[in-house]
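Notes follow the structure.
The values are calculated or read from the model by the stated rules, or taken from the named source; none is laboratory data. These figures come from a predicted structure and were not determined experimentally. Note that each Cβ is placed from the backbone with ideal geometry, even for glycine, and that neighbours are counted across all protein chains shown.
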């Protein structure tokens, strides 16, 4: 069965085979997005489709309910809120994890039948700034290029885009192009794996992107490297933009000084860009997640409009989406700031959509954007909130206030696949949704390519498609005639008809797909919109015509500004948050696959050694990160790849995995005024040593909650046959004993025990009928043994005498201990093994793969292996 991956915006095709609930996956060689490649996350999808922890039945409060009860209650509470407080007292918060059919149903109900635009998507957190920049420059949210342009370009600029981690399959494609002579420039404060593999890295100071791109445009003008003919025929706003540039010193020396990069490197970038007509500029979260995100996007688009590098093979600005269907949500109207199908709230569009839907009302104006929405919930203006397929208690900035909002909301509905998330803890009603592998519908990737996501497994329990849940609630509210779909194909056909309805000039048009038969929908091949009778369109603006009233692209003057909240003596470091290579969002899926928890098993904070040394922070030390909003504790990683004066903290961990390691409670809810997108990339912070007095770990067959009443740093790390819990405290022996008693409660009676009270060391192993059931190690000082061998014992049966004798040592008898970080998640290969292979003569990536297996599967770890190789042979990194 062919389907698509549920992770990032690349939109990879997958070939899958199911046997019961067991699933094997491989890349689909026929899908144009990935041509058979998969990353570590996609390759591990088979490990994430079990039913452990799934929400399988509707619940009201803590009791099971029938679907009729649950949807009836939701409908009644929505109607009551509307009747008493008006339609704007209701809000939906939805997700790029939804399929296009789900998005369409939710948007139709909210904007056309409830009559409010208070529906927003978590794409607000990743793509909103790019959306606004596109609309201002092109007249609509239009991505002009396609992945083929990455093959055809001679220069690729990656601005705020760590593709090696966030879009690994695209990065592999770029690697192949670079091997053919393509040049790469990376603009990023951090020396990421993407930057390591580039021909040029510009480690700009945080939030100086606009200054850099404005400087590039000014330099192109000085060189005469702009396309005057294209500007004259197809672009407006050049004179105003040029005048804005003249307000600042645009000399390369001034730009380099303001951006904090070497002048020679900046000038090299300017020369390369000027001399390379076939240039693609990729931009992603590093550009978008900023209070200046729209300005950053416009600065990039300005350069491409001025040089005519748009709508041509190998030449375009290219915004890369983060989620599998962020694009589908943007198309259907899942954002509060658009109506539907790339139409906004002008009277003609409102009348058109209302007429098409046969709706009793229509939203009159944009609704509340994500951060505004939850602040309105907190203030009591939102009385009923429906959250679908997302976890805002973790993912929104200033997440502590979001939790306060959810706790105060009179009525919260959560549709999700998991029974227990940080957000569903606040739900009055929980509705079980279908997960990936069960869903049936479509998604749109970063290059506007619509692909089918097909069901591989039967629906578990009473779980339903999100579009059907919305339709059931709409029917219970009295709108059944407009929501009478029975299949996702019916929803899709209606959506496609809307895109073509009264559409003389909107680029988003799926008209030929509006008449798909059920069989044709099932068999739909990937296609890029706009769709015509001849097929899809790989590139937009090939004729120089844009979707603006006068058909001309529009340059916009943008001025360089500092961060929304600068650092200061009390908070002297810039906190930057983001993703890691093998995890996704809030771990509700990747946390089910132990192999994906190996590369970054616990929260960490990356800090430059020059910042760490004066504070007494050592490699591997637990470290407090404090902002005006909150505090987290993470393990320090000292790295000169991190720019001095800034720290990086991944955003994935939740209450279930690392209560003290959550990043977004620290992030200020500062947003771009035009897009509403939060500034996740810059929050003033300070760091200090945690100064624990003891550490410990617990291995158990299932997850264990932290002991109540103990102030611990607690992390849970899934293992193939058990759960590893790491913890540390700042108390004395009495605290350790309280933790020991709590964690030993209910354990089997057979106990192997070693204790050295003077050293503060305790080791206990609990067995039942000769099988290992629990392992607890505590230590006031010194190193604890590696956990791998002990974790492996949970997969076996009765322990043999040698294993029992070695339990409290924590090391396998007669086997060398393999320590160090995991580099290759697919094969579980650790860094010391790779370094040993390099020392033994492996001099390139293929040789390392042959010696260790690392990098021989999905290839996501290849940039990190290249970095290890470059430490010995610097030229190797250019062959990555």
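Brief remarks on what is shown
- Whichever residue in the stretch 57-87 is part of a loop (DSSP other than H, G, I, E, B) and loosely packed, with under 15 Cβ neighbours inside 10 Å and, among such residues, is modelled with the lowest pLDDT: 62
- The lone exception for residue 516 - which of (1) part of a loop (DSSP other than H, G, I, E, B); (2) more than 22 Å from residue 355 (Cα to Cα); (3) without any contact (Cβ under 8 Å) to a residue 24 or more places away in the chain it fails: (3)
- If you go through the stretch 589-606 and keep only what is in contact with a helix residue (DSSP H, G or I) (Cβ under 9 Å, 6 or more places away or on another chain) and either part of a loop (DSSP other than H, G, I, E, B) or farther than 30 Å from residue 421 by Cβ (or both), you end up with 589, 593, 599, 602, 603.
- Lone qualifier among 533, 500, 482 - being at pLDDT below 95 and surrounded by fewer than 23 Cβ atoms within 10 Å (Cβ to Cβ): 533
- Output for the stretch 859-875, where each listed residue is crowded, with 23+ Cβ neighbours inside 10 Å and in a loop (DSSP other than H, G, I, E, B): 859, 860, 861
- The set of residues in the stretch 36-54 being over 13 Å from residue 435 (Cα atoms) and in contact (Cβ under 8 Å) with a residue 40 or more places away in the chain consists of 37, 38, 39, 40, 41, 42, 43, 44, 47.
- Among the helices (runs of 4 or more DSSP H) confined to the stretch 250-303, the ones with at least 3 residues that are over 24 Å from the mean Cα position of the chain (by Cα) and either over 18 Å from residue 227 (Cβ atoms) or not assigned by TED's automatic domain parsing to the domain that holds residue 138 (or both) are located at 252-259, 263-275.
- Among (1) over 30 Å from residue 584 (Cα atoms); (2) in contact with a helix residue (DSSP H, G or I) (Cβ under 7 Å, 6 or more places away or on another chain); (3) assigned by TED's automatic domain parsing to the domain that holds residue 212 - the single one residue 311 does not satisfy: (2)
- Residue within the stretch 177-184 that is part of a strand (DSSP E or B), in contact (Cβ under 8 Å) with a residue 40 or more places away in the chain and over 21 Å from the mean Cα position of the chain (by Cα) present: yes
- Selection status of residue 267, over 22 Å from residue 553 (Cα atoms) and without any contact (Cβ under 8 Å) to a residue 40 or more places away in the chain: yes
- Across the stretch 536-573, the number of residues qualifying as buried (at least 17 other Cβ atoms within 10 Å of the Cβ) and outside any loop (DSSP other than H, G, I, E, B) comes to 4.
- Selection from the stretch 1-28 of residues that are outside any strand (DSSP E or B) and in contact with a strand residue (DSSP E or B) (Cβ under 8 Å, 6 or more places away or on another chain): 1, 5, 6, 11, 12, 28
- Checking residue 850 against (1) assigned to a helix (DSSP H, G or I); (2) at pLDDT 90 or above; (3) surrounded by 17 or more Cβ atoms within 10 Å (Cβ to Cβ); (4) not assigned by TED's automatic domain parsing to the domain that holds residue 774, the condition it does not meet: (3)
- Put simply, of 172, 211, 191 the only residue that is over 24 Å from residue 305 (Cα atoms), out of contact with any strand residue (DSSP E or B) (no Cβ under 9 Å at 6 or more places or on another chain) and touching a residue at least 12 places away in the same chain (Cβ under 8 Å) is 172.
- Meets criteria (within 23 Å of residue 575 (Cα to Cα) and buried (at least 22 other Cβ atoms within 10 Å of the Cβ)) for residue 639: no
- Tally, over the stretch 29-56, of residues that are under 19 Å from residue 163 (Cα atoms) and not in a loop (DSSP other than H, G, I, E, B): 4
- Residue match in the stretch 444-460 (condition: closer than 18 Å to residue 107 by Cα and not assigned by TED's automatic domain parsing to the domain that holds residue 146): yes
- Condition met for residue 627 (within 23 Å of residue 288 (Cβ to Cβ) and either buried (at least 19 other Cβ atoms within 10 Å of the Cβ) or outside the structural domain of residue 402 (by TED's automatic domain parsing) (or both)): yes
- Residues within the stretch 412-447 that are touching a residue at least 40 places away in the same chain (Cβ under 8 Å) and in a strand (DSSP E or B), tallied: 13
- Residue match in the stretch 525-537 (condition: in contact with a helix residue (DSSP H, G or I) (Cβ under 9 Å, 6 or more places away or on another chain), farther than 30 Å from residue 235 by Cβ and in contact (Cβ under 8 Å) with a residue 60 or more places away in the chain): no
- Here residue 576 clears all of (1) out of contact with any helix residue (DSSP H, G or I) (no Cβ under 6 Å at 6 or more places or on another chain); (2) in contact (Cβ under 8 Å) with a residue 40 or more places away in the chain; (3) part of a loop (DSSP other than H, G, I, E, B) except the condition numbered (3).
- If you go through the stretch 320-344 and keep only what is in contact with a helix residue (DSSP H, G or I) (Cβ under 8 Å, 6 or more places away or on another chain) and either in the same structural domain as residue 297 (by TED's automatic domain parsing) or over 14 Å from residue 140 (Cα atoms) (or both), you end up with 320, 321, 322, 323, 325, 326, 328, 329, 334, 336.
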